[in-house]
Amino acid sequence: MCNILGIHKTRTIPFRPKSDGMVEKSNSATETMLSAFVRKHQRDWDEYIYLLMLAYRSSEHESLGTSPCSMLFGREANLPVDLILGRPETEKSPLYFKTVYAYELSKKLEVIHQFARNKLKLSSDRMKRNYGISTKMQKFDAGDPVWLHNPRRVKGVCPKLQNNWEGPYIVVNKLNDVIYRIQKGPKTKPEVVHQDRLKPYLGENVPIWFN
């Protein structure tokens, strides 16, 4: 079957996501989007998946410079907003679309695919250039609101769809260059964590209990 379809089959290593990078990256993006919308019981993920996939496929990807929909069909997706605002009017006759559309579509796909290949080459070169360079260490000051990465197993809940960021916490003080003491509330026990588990909290309802 693989030979007939021109598929090159490869073997992957169990529990080694890097060997399936393209698939794992796609799955990871889907899981990240779902985790931001599903409720705690996680039984309503199917109510959001089709909307998230529509947004994902119709949005421009940084590495491609275009959207997956444009890559596949040669045009952008018809979104709900098009039903409200309408499509641009055209003076071309139906005969034009029957005779010329396929040819123009194939040419457009060639241009889009070449553009995407060039963008992927640039992205690949950039990642190669940045590989091995230490990531910029985030610095926080006392009083800064932060998110805490705290993945936990909950019985009956899928960890892949679980939101693993808790907060907001408040930075109480800095113990050294990479270790911080944080606290979620005035009556909660402070926690000592590494900076790689923290990221800035940019949302609303910032705690004001810390002076």
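The values are calculated or read from the model by the stated rules, or taken from the named source; none is laboratory data. Nothing here was measured: the structure is a model prediction, and the numbers come from that model. Note that each Cβ is placed from the backbone with ideal geometry, even for glycine, and that neighbours are counted across all protein chains shown.
When the residues of the stretch 149-158 are narrowed to those that are more than 17 Å from Ile49 (Cα to Cα) and surrounded by 13 or more Cβ atoms within 10 Å (Cβ to Cβ), which ends up modelled with the highest pLDDT?
That would be His149.
Do you know which residues across the stretch 190-205 are in a loop (DSSP other than H, G, I, E, B) and not polar (S, T, N, Q)?
Result: Pro190, Tyr201, Leu202, Gly203, Glu204.
Given the conditions (1) closer than 23 Å to Arg43 by Cα; (2) touching a Pro at 6+ places or on another chain (Cβ under 8 Å); (3) in contact (Cβ under 8 Å) with a residue 12 or more places away in the chain, and given that Gly185 satisfies all but one, which numbered condition is not satisfied?
(1)
Out of the residues in the stretch 160-189 meeting the condition of being assigned to a loop (DSSP other than H, G, I, E, B) and in contact with a Ser or Thr (Cβ under 9 Å, 6 or more places away or on another chain), tell me which one is farthest from His149 (Cα to Cα).
Residue satisfying both the conditions and the ranking: Gln162.
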